[in-house]
1. Keeping to segment 173-210, report how many residues are outside any helix (DSSP H, G or I) and more than 16 Å from residue 267 (Cβ to Cβ).
2. When you check residue 314 against the structure, is it crowded, with 16+ Cβ neighbours inside 10 Å, in contact (Cβ under 8 Å) with a residue 24 or more places away in the chain and over 21 Å from residue 153 (Cα atoms), yes or no?
3. Out of all the residues in segment 302-311, which are part of a helix (DSSP H, G or I) and either modelled with pLDDT of 80 or more or surrounded by 16 or more Cβ atoms within 10 Å (Cβ to Cβ) (or both)?
4. Does segment 125-139 hold any residues that are buried (at least 18 other Cβ atoms within 10 Å of the Cβ) and touching a helix residue (DSSP H, G or I) at 6+ places or on another chain (Cβ under 6 Å), and which are they?
5. I'm trying to understand the selection: among the residues of segment 142-172, which are assigned to a loop (DSSP other than H, G, I, E, B) and within 13 Å of the chain's Cα centre (by Cα)?
6. Can you name every one of the helices (runs of 4 or more DSSP H) wholly within segment 1-102 that holds 3 or more residues which are touching a strand residue (DSSP E or B) at 6+ places or on another chain (Cβ under 8 Å) and either under 30 Å from residue 285 (Cβ atoms) or at pLDDT below 90 (or both)?
7. Any idea which of (1) more than 12 Å from residue 171 (Cα to Cα); (2) touching a helix residue (DSSP H, G or I) at 6+ places or on another chain (Cβ under 6 Å) is the one residue 242 doesn't satisfy?
């Protein structure tokens, strides 16, 4: 009979496509992991992994076994989750993934408070892009995500937290600083500094500004960043502009805020949500997390209503 440990090793190899990395992930020596996988294959009389390929691949016969192992481990984990949910207070392990354009601005607002209020919750946070968060949720590798919605995915449940309006941040002598308020149509130039591919906020930037995906501020320089902070510094020291969500604006200095301009109504905005898969069980922790976040965000963000905004599509 296959053991839970063997199944965990099996999934680690499937995810990492490498025995050494899988062993590191499981905190065991590689020979120990390899022996357990080999024993499992012998017991099932099936070669699960094609070791002759680089990276390692699942054999056709092994694919169904790996998927069933995922189901078994998910059901096994439910036993402990049900016990934790029966407790009088939130407790247990919770894996949370957050998109990079939200993490540095939102996480510091609530993390200390959450840690103090819920000492029996072991919160494990990682940064990941939207597509990776969805994949991790569906494969039961994380419990929840903080990202921009709507996702339009029937397998994911979205719990709306707040709306976050956009601002334009311009270089010091940009002509659009003459305007007190902006319209989307004002931003149709080619001087927008962009995030790199894979960020949903990049797509929202392109949708607001109605420009091509390959625009360049400098004719002989192709640059995109994974950090809004980097884009701010590029604008500050050079020409052009970038877009920033509200929480990123709060970290700017008083001098930098003079280079900001808001938008006329309906204001381009992103919707931030706490998401989880439909098979979710850790409701007590999820509710605690949601409440703590809402209690920690700035009042002006929390009070923003949908009537005066335009939620920008996250797909381009």
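1. Applying the first criterion (outside any helix (DSSP H, G or I)) to segment 173-210 yields 173-174, 179-183, 187-199, 210.
Restricting the remaining residues to those that are more than 16 Å from residue 267 (Cβ to Cβ) gives 173-174, 188-199, 210.
Residues flagged as outside any helix (DSSP H, G or I) and more than 16 Å from residue 267 (Cβ to Cβ) within segment 173-210 amount to 15.
2. Numbers: crowded, with 16+ Cβ neighbours inside 10 Å: yes; in contact (Cβ under 8 Å) with a residue 24 or more places away in the chain: yes; over 21 Å from residue 153 (Cα atoms): no.
It is false that residue 314 is crowded, with 16+ Cβ neighbours inside 10 Å, in contact (Cβ under 8 Å) with a residue 24 or more places away in the chain and over 21 Å from residue 153 (Cα atoms).
3. Residues of segment 302-311 part of a helix (DSSP H, G or I): 302, 306-308.
Once the filter is applied, which keeps residues that are part of a helix (DSSP H, G or I) and either modelled with pLDDT of 80 or more or surrounded by 16 or more Cβ atoms within 10 Å (Cβ to Cβ) (or both), segment 302-311 yields only 308.
4. Filtering segment 125-139 down to residues buried (at least 18 other Cβ atoms within 10 Å of the Cβ) leaves 128-130, 133-134, 136-137.
Of everything in segment 125-139, just one residue is buried (at least 18 other Cβ atoms within 10 Å of the Cβ) and touching a helix residue (DSSP H, G or I) at 6+ places or on another chain (Cβ under 6 Å), namely 130.
5. Initially, segment 142-172 is screened for residues assigned to a loop (DSSP other than H, G, I, E, B), giving 142-143, 150-155, 171-172.
Answer for segment 142-172, where residues must be assigned to a loop (DSSP other than H, G, I, E, B) and within 13 Å of the chain's Cα centre (by Cα): 142, 143, 151.
6. Numbers: elements: 4-16, 19-26, 30-44, 60-85.
Per the criteria, 60-85.
7. (1)
The values are calculated or read from the model by the stated rules, or taken from the named source; none is laboratory data. Quantities reported herein were computed from a predicted structural model and do not represent experimental measurements. Because the Cβ atoms are built from the backbone with ideal geometry, glycine has one as well, and the counts that use them run over all protein chains shown.
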